[in-house]
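Here's the structure, in structure tokens; my notes come after.
All of the numbers you see were taken from the coordinates with simple rules; none came from a lab. Since this is a predicted model, take the numbers as computed values, not measurements. Ideal geometry is used to build each Cβ from the backbone, glycine not excepted, and the neighbour counts take in all protein chains shown.
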Amino acid sequence: MVTPAIKKQTVAAEAIKDHTPAKASPTSSFSQESFRIKPTVALHGAGLIFAEAPVVEIRSRIIPNCAGIYNDDHILGIKRIVDFASTRPMYPPEVFGPEEYWNEQVFVGSSGGPDDRHRVPRELSVKEIQDVIKAFAAAAVRADKTGMDAVRTQGAYAYLIHNFLSPISNHRTDQYGGSLENRARLLLEVVREVRAKFSTEKPIFLRLSVSDGVKHLDTPSFVIEEAAKVTQ
């Protein structure tokens, strides 16, 4: 569902990240610098803002200063931005998203091989997968409380959701691996929970990389035909 007002205006303002100490705090709260940047986009008439990307767990941060929406302390800072933007002729949602872990332990869909340059990822247990899904759901509740008009879940660029979708990275043998139905299970469970927790009159969006882009290689990969099936 997209409101007529959104249809008539520009959808803009991608990839505004709080990735430097000047723009985000160690607690992942939106900073004064964030407040200066994001509403500036609203003032230029964008109809829909996706501000990328508050994370749903503290371990989801790509770098230490990623903004967050994983506890209630983050609501006020984000709401301040939403409230300001809402006084302009626009509809200003935020996006929450990536599920990567930059710290001492790295969690992925399937465990990785030895690598002397990077941390070796550890496979998530089924219980940990359920915890991730709950984290997305809790973030949707917080997003609703800030007054966001929409939310978008990040499932692109080899972030965790795409990590499960791709047979290149997903070598699981349980209900979250193997067939496309199983590889898409995490994505669909996340979307289902986000939809259940976010106001039904507001839209939710999903960002996907619809292909691994390696069809020239002799190996199974996530391809556009599979992406089409998943989105149906």
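Inter-label distance, Phe205 to Leu217: 3.0 nm, where each label sits 7 Å from its Cα along the C-beta direction. Between the stretch 132-157 and the stretch 185-232, what's the alpha-carbon centroid distance in Å? So the separation of the two Cα centres works out to 15 Å. On the basis of the beta-carbon distance and an R0 of 25 Å, Ser125 and Ala196 show a calculated FRET efficiency of 0.60.
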